[in-house]
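The values are calculated or read from the model by the stated rules, or taken from the named source; none is laboratory data. The model shown is predicted, which means the values in this text are computed figures rather than measured ones. With ideal geometry, Cβ positions are generated from the backbone for all residues, glycine too; neighbour counts draw on all protein chains shown.
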């Protein structure tokens, strides 16, 4: 199962919050071990610098947002 969430500051560490729907669906409890795959999303600014296309910037941005 894939989810998209933000990294947040938690004291001197960073953490993520699992949405309630995922917790219920997976029947997660405090102390359960989970596997997290970390894939940092590249910034749109970086992607625009790499893309050579005849499409407008708006069309490219809309296409990129479809997968996120």
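Can you tell me which residues in segment 1-48 are assigned to a loop (DSSP other than H, G, I, E, B), surrounded by 10 or more Cβ atoms within 10 Å (Cβ to Cβ) and at pLDDT 90 or above?
The answer is 17, 18, 19, 28.
Out of everything in segment 49-68 that is assigned to a loop (DSSP other than H, G, I, E, B) and farther than 22 Å from residue 18 by Cα, what residue ends up being modelled with the highest pLDDT?
Just the residues of segment 49-68 that are assigned to a loop (DSSP other than H, G, I, E, B), to begin with: 51-56, 67-68.
Right, trim to farther than 22 Å from residue 18 by Cα and you get 51-56.
Details: 51: 56, 52: 63, 53: 63, 54: 70, 55: 73, 56: 79.
The extreme case among them is 56.
Looking only at residues that are within 21 Å of residue 66 (Cα to Cα) and in contact (Cβ under 8 Å) with a residue 12 or more places away in the chain in segment 20-47, which one is nearest to the chain's Cα centre (by Cα)?
So, considering only residues that are within 21 Å of residue 66 (Cα to Cα) and in contact (Cβ under 8 Å) with a residue 12 or more places away in the chain, the one nearest to the chain's Cα centre (by Cα) is 41.
Could you give me the residue pairs with C-beta distances under 9 Å whose first residue belongs to segment 2-15 and is under 17 Å from residue 34 (Cβ atoms), whose second residue is at pLDDT below 85 and surrounded by 10 or more Cβ atoms within 10 Å (Cβ to Cβ) wherever it lies, and which are 6+ apart or on separate chains?
Within 9 Å, the pairs are 4/41.
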